[in-house]
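Participant: Handing you this structure, nothing more for now.
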Amino acid sequence: MAVRKRPVSNLLGLAVLGLLLEQPMHPYEMAATLRERNKDTSFKVRTGSLYDVVDALVRAGWIAEHSTERAGRRPERTVYAHTDLGRKEFMSWLDELVRTPVKEYPSFLAAVSYLGALGPERAVQALRERIARLDEQIEEARQARTAVLDQHTPRLFVIELEYALTMAEAERDWARRIVAEVHDGTLTWPELTTKEGREVWTDQDETEDKTTHDRTEKQQA
């Protein structure tokens with residue numbers, strides 16, 4: 001299934017549309033509400049970017065000015081609400097994102113593809129530090145989830161915290177396994193050797209076999 005091109009593709013736009021299902025809001029209130037609900041773990045919430053997204057949604061006809069409000073001596077704030085088109089597009093966009101897996105390019109995956117270049121000792125050190133930081137993030141996520149649920153918020157409304165927690169635990173457990181495999185020798189580490197005038201990766205077992213073969217030849221000679 002092909003992913004449809006939309007006039008607004010920034011996922012922060014999805015968050016704005018989701019909030020406006022509840023009630024009309026002004027952008028500052030949107031940003032504050034997203035942070036209060038820990039949605040900044042799912043979306044990159046920056047006030048400047050949020051205003052840009054709101055403008056893009058207005059241009060697309062997905063949201064429109066609902067009213068203006070003033071608090072004390074503060075400047076007037078524009079309150080936005082869904083249009084009929086915006087509500088329809090939100091449902092379509094959300095449905096597509098749930099249904100259709102898309103190829104993503106996480107930075108950690110990119111780094112792992114070159115893990116061998118660090119060498120076993122440095123790779124283990126880096127993974128251990130990542131594990132420690134993931135442990136902290138996991139504990140914070142657990143506390144945040146518990147705090148929200150203790151307020152009798154339906155689990156469905158914070159299910160993204162559950163997903164993020166599961167993914168972080170899986171990544172941490174994988175990193176632990178790799179560290180253990182490096183230590184017990186299950187994960188062999190190739191070495192850079194010169195072959196036919198160029199550097200190539202040679203499997204550790206191949207290197208050991210070649211060393212044994214060379215030693216045997218010398219003994220026979």
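Participant: Let's test this: bin the Cα-Cα distances of the range 39-99 at 5 Å from zero up to the farthest pair and state each bin's percent.
Facilitator: All Cα pairs considered, the percentages come to 4, 15, 17, 22, 24, 11, 5, 2, 1, 0.
Participant: Equivalent-ellipsoid semi-axes (√(5λ), Cα gyration tensor) for the range 41-144, whole Å, largest first?
Facilitator: 42, 21, 13
Participant: Right, next: 5 Å is the cut-off here: which amide hydrogens, built 1.01 Å from N in the peptide plane, fall below it relative to residue 80, excluding neighbours closer than 5 in sequence?
Facilitator: 25, 26, 66
Participant: Scale the Cα Rg of the range 1-80 by the rule-of-thumb value 2.2 N^0.38 Å and send over the ratio, two decimals.
Facilitator: Relative to the rule-of-thumb radius for its length, the range 1-80 sits at 1.13.
Participant: Also: 5 Å is the cut-off here: which amide hydrogens, built 1.01 Å from N in the peptide plane, fall below it relative to residue 187, excluding neighbours closer than 5 in sequence?
Facilitator: 182
Participant: Classify the range 71-116 as rounded, prolate or oblate, taking a ≥ b ≥ c as the square roots of the eigenvalues of its Cα gyration tensor: rounded when a/c is under 1.5, otherwise prolate if a/b is larger than b/c and oblate if not.
Facilitator: The shape class here is oblate.
Participant: How big is the accessible area of residue 139 in square angstrom, nearest 10, if you roll a 1.4 angstrom probe over the protein chains?
Facilitator: Here the accessible area works out near 80 Å².
Participant: Further question on the same structure: If each Cα of the range 116-198 is one equal point scatterer, what is log10 of I(q)/I(0) from the Debye formula at q = 0.18 Å⁻¹?
Facilitator: Rounded to two decimals, the profile gives -0.80.
The values are calculated or read from the model by the stated rules, or taken from the named source; none is laboratory data. Note that the coordinates shown come from a computational prediction; the quantities given were computed from them, not determined experimentally. Accessible surface is based on the protein model in full, side chains and every heavy atom, while ligands, DNA and RNA are left aside. Shrake-Rupley method; radii C 1.70, N 1.55, O 1.52, S 1.80 Å.
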